[in-house]
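Shown next, in structure tokens, is the structure this report addresses.
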Amino acid sequence: MEQHDDAAGRHTPVLLQRCLDLLAPALAAPGAVMVDSTLGMGGHTEGVLRAFEDVRVVGIDRDPQALALASRRLAVFGDRFTGVHAVYDEIRDVLDDLGIASVQGVLMDLGVSSLQLDEAERGFAYAQDAPLDMRMDPTRGPTAADVLNTYDERDIARVLRVYGEERFAPRIAREVVRRRAADPWRRTGELVDLVRACIPAATRKTGGHPAKRTFQALRIEVNGELAALERALPASVEALAVGGRIVVEAYQSLEDRLVKRALAAGATSSAPPDLPVEPETHTPYLRLLTRGAEEADEAELARNPRSQSVRLRAAERTRPTPDHLRTTRRAA
């Protein structure tokens, strides 16, 4: 695999200034710590470290290659940056290992990273023929080829329908199973050809590349992305000190739905609606900082085409989570 050390030249962070503005009130606190839960190539973290001279950032990424590239990029900041190889739902364990009780900021930039898309051999991009891998951490776990070669037809259809919102999931799944009987799945190009053949020509004229939804679905399945996000959101809120802020950038509706639900739950009273007076223990513990999901404006789109589908949401912790709403901590 060709190594690229120029992480800054290869990656433009999405909505960087907006993220900095939203985090600023929390990161101005003395001794502030932020967790970049999806470090990638370190663009957002570099922006934070340059903008806030006293802030320390803990960067988490499951991709060892991304972690190495970002760590070289951020070495100039010395001990203000700490990189950790982990998945973002492990945020509490990461902070415990570092002796950090709570943080002032959490930033999550979800989905596939620029590095993973640009490295053709990782198999994330449908525009280039490559091995059917799609693992964000290529050192462990099943590949996309394993999914296509071992799941039964019903499960393949479920993955494509639920995670890719693919209308033609049953047809694609049927063809996947039929073709693997003669030859196992190995290459992304072969899958692109099959998906294109399964989708009617009239449908292919709209909605972008015909394989986009199938590749998204396989990537989410291979990496357990939605399950990890569903765990990571409440864990990240729990890691915030009062006054701390969380900013999340999502790029597809399934992610954004989970983010919206988690933040709205914390910003909504937990008291029964028919109570005449709201008990203090049931008042919200989050304050929403965005009205709905914010999108990239024309200037951002011109600067960074990958911001086209971004949906940004943010919230501030206003008080500790009440005991009756606190999620049970995962056993060590």
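Summary of values
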read-out	value
Helices (runs of 4 or more DSSP H) fully within region 158-252 counting 1 or more residues that are at pLDDT 95 or above and crowded, with 23+ Cβ neighbours inside 10 Å	169-180, 188-198, 212-223, 225-239
Residue in region 134-141 that is in contact (Cβ under 8 Å) with a residue 24 or more places away in the chain and in a strand (DSSP E or B) present	no
Residues within region 253-267 that are open to solvent by 20 Å² or more (accessible area, probe 1.4 Å) and in contact with a Pro (Cβ under 8 Å, 6 or more places away or on another chain), tallied	2
Subset tally (residues that are over 21 Å from the mean Cα position of the chain (by Cα) and either open to solvent by less than 90 Å² (accessible area, probe 1.4 Å) or among the polar types (S, T, N, Q) (or both)) for region 298-308	2
Residue in region 297-306 that is at pLDDT below 95 and touching an Asp or Glu at 6+ places or on another chain (Cβ under 7 Å) present	no
Qualifying residue in region 18-27 (condition: in a loop (DSSP other than H, G, I, E, B) and in contact (Cβ under 8 Å) with a residue 24 or more places away in the chain)	no
Residues (in a strand (DSSP E or B) and either open to solvent by less than 50 Å² (accessible area, probe 1.4 Å) or among the hydroxyl-bearing types (Ser, Thr, Tyr) (or both)) located in region 279-293	Leu286
Test: Glu294 is of a type in the set (D, E, K, R), under 17 Å from Met108 (Cα atoms) and touching a residue at least 60 places away in the same chain (Cβ under 8 Å)	yes
From the options Ala70, Ala75, residue that is open to solvent by 10 Å² or more (accessible area, probe 1.4 Å) and either of a type in the set (Gly, Ala, Ser) or closer than 14 Å to Ala235 by Cα (or both)	Ala75
Residues that are closer than 15 Å to Val103 by Cβ and assigned to a loop (DSSP other than H, G, I, E, B), drawn from region 39-80	Leu39, Phe52, Asp54, Val55
Hits in region 83-98 (condition: over 21 Å from Asn223 (Cβ atoms) and buried (at least 17 other Cβ atoms within 10 Å of the Cβ))	Leu95
Members of region 28-44 that are touching a residue at least 40 places away in the same chain (Cβ under 8 Å) and either of a type in the set (A, V, I, L, M) or at negative phi (or both)	Ala29, Ala32, Val33, Met34, Val35, Asp36, Ser37, Thr38, Leu39, Met41, His44
Evaluation of Arg287 against (1) under 30 Å from Thr12 (Cα atoms); (2) at pLDDT below 95 (one fails), failing number	(2)
Among residues of region 15-39, those that are in contact with a Gly (Cβ under 9 Å, 6 or more places away or on another chain) and either more than 22 Å from Arg313 (Cβ to Cβ) or modelled with pLDDT under 95 (or both), counted	1
Residues located in region 309-327, provided they are open to solvent by less than 30 Å² (accessible area, probe 1.4 Å) and more than 16 Å from Glu294 (Cα to Cα)	Arg317, Thr321, Pro322
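The values are calculated or read from the model by the stated rules, or taken from the named source; none is laboratory data. Because the structure is a prediction, the values reported are computed rather than measured. With ideal geometry, Cβ positions are generated from the backbone for all residues, glycine too; neighbour counts draw on all protein chains shown. Heavy atoms of the whole protein, side chains included, go into the accessibility calculation; ligands, DNA and RNA do not. Shrake-Rupley method; radii C 1.70, N 1.55, O 1.52, S 1.80 Å.
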